[in-house]
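Below you'll find the structure, written out as structure tokens, and then a few comments.
The values are calculated or read from the model by the stated rules, or taken from the named source; none is laboratory data. The shown structure was predicted, so the numbers you read here are calculated from the model rather than taken from an experiment. Using ideal geometry, Cβ is built from the backbone for each residue, glycine included, and neighbour counts are taken over all protein chains shown. In case anyone asks, the SASA skips ligands and DNA or RNA and just uses the protein heavy atoms, side chains included. Shrake-Rupley method; radii C 1.70, N 1.55, O 1.52, S 1.80 Å.
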Amino acid sequence: MTTTGVSRRGAIALGLGSLGALSLRTAPAAAAVPVLGDDGLYQLDWYLQSFLDVKEDLEAATARGKRFAILWGLKGCPACKKLHEVHMRDPEIESYIRDNFEVLHLNHIGARDITDVDGNKLSEKAFAQAYGIRFTPTLQFFPESAAGLAARKPQDREVARMPGLLEPPEFLAMFKYVRQKGYQSMPFTEWLKRPV
């Protein structure tokens, strides 16, 4: 026994245990597992569950210090499957989006009623048409405030859009571009080329 009352063997075990705990804290957490819903869309447990009022969702996201985005999916969409099985399974991508964004997942041909920022109620399908959504997956990114949005044309309400699926590094970069307000100074393609 040592003077502290812990044997040498016990001290080594405590030290190794501390190293194990330290390594657990630095390892990235596993990403959430997507679940295929009855509507054929992949869902993550952290996706926004809402009353489908875009203005309220946008304002609530901003109040929580996050940005608001709409993800459009479609049953049987191979790129939507890849987005959820590859991109969203990457802990770095998933945690960045989850920590910084409220994502509302909508069905490109769905029938649920959406209340737009101008107060108009549209089905998911009609909402997608009004905004010119032509591909799945598509991500729409909105400003931090709904002020003045109702007076704009639907596509002019967005600060950025990702039509289709980018490769994982560019996919994550788009979310960083929006979070860091890169759209205020340059197009996304130029923002990607800037030195980091």
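A quick yes/no check of all residues on (1) farther than 16 Å from residue 80 by Cα; (2) in contact (Cβ under 8 Å) with a residue 24 or more places away in the chain:
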{"residue": "155", "(1), (2)": "yes, yes"}
{"residue": "168", "(1), (2)": "no, yes"}
{"residue": "178", "(1), (2)": "yes, yes"}
{"residue": "187", "(1), (2)": "yes, no"}
{"residue": "190", "(1), (2)": "yes, no"}
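Restricting attention to the range 108-150, the residues that are in contact (Cβ under 8 Å) with a residue 24 or more places away in the chain and small (Gly, Ala, Ser) add up to 7. Would you confirm whether any residue within the range 65-85 is of a type in the set (Phe, Trp, Tyr) and within 13 Å of residue 143 (Cα to Cα)? Scanning the range 65-85, I find at least one residue that is of a type in the set (Phe, Trp, Tyr) and within 13 Å of residue 143 (Cα to Cα), so the answer is yes. Exactly one residue out of 129, 140 is open to solvent by 70 Å² or more (accessible area, probe 1.4 Å), closer than 22 Å to residue 41 by Cβ and at pLDDT 95 or above, and it is 129.
Would you mind finding the one in 121, 81 that is open to solvent by 40 Å² or more (accessible area, probe 1.4 Å) and within 17 Å of residue 41 (Cα to Cα)?
Values: 121 fails: within 17 Å of residue 41 (Cα to Cα).
Just a single option satisfies the conditions, and that option is 81.
Residue 136 fulfils the conditions (1) within 25 Å of residue 35 (Cα to Cα); (2) part of a strand (DSSP E or B) except for a single criterion, (2).
Scanning the range 84-109 for residues that are outside any helix (DSSP H, G or I) and either surrounded by fewer than 20 Cβ atoms within 10 Å (Cβ to Cβ) or aliphatic (A, V, I, L, M) (or both) turns up 86, 90, 103, 104, 106, 109. In summary, residue 52 fulfils each of the numbered conditions (1) at pLDDT 95 or above; (2) open to solvent by 50 Å² or more (accessible area, probe 1.4 Å); (3) not β-branched (Val, Ile, Thr) with the single exception of condition (2). Among the residues of the range 185-194, is there at least one that is aliphatic (A, V, I, L, M), over 24 Å from residue 117 (Cα atoms), assigned to a loop (DSSP other than H, G, I, E, B) and open to solvent by less than 50 Å² (accessible area, probe 1.4 Å)? Among the residues of the range 185-194, not one is aliphatic (A, V, I, L, M), over 24 Å from residue 117 (Cα atoms), assigned to a loop (DSSP other than H, G, I, E, B) and open to solvent by less than 50 Å² (accessible area, probe 1.4 Å), which makes the answer no.
Where residues in the range 147-172 are basic (Lys, Arg) and crowded, with 17+ Cβ neighbours inside 10 Å, which of them is nearest to residue 97 (Cα to Cα)? If we take residues in the range 147-172 being basic (Lys, Arg) and crowded, with 17+ Cβ neighbours inside 10 Å, then 161 is nearest to residue 97 (Cα to Cα).
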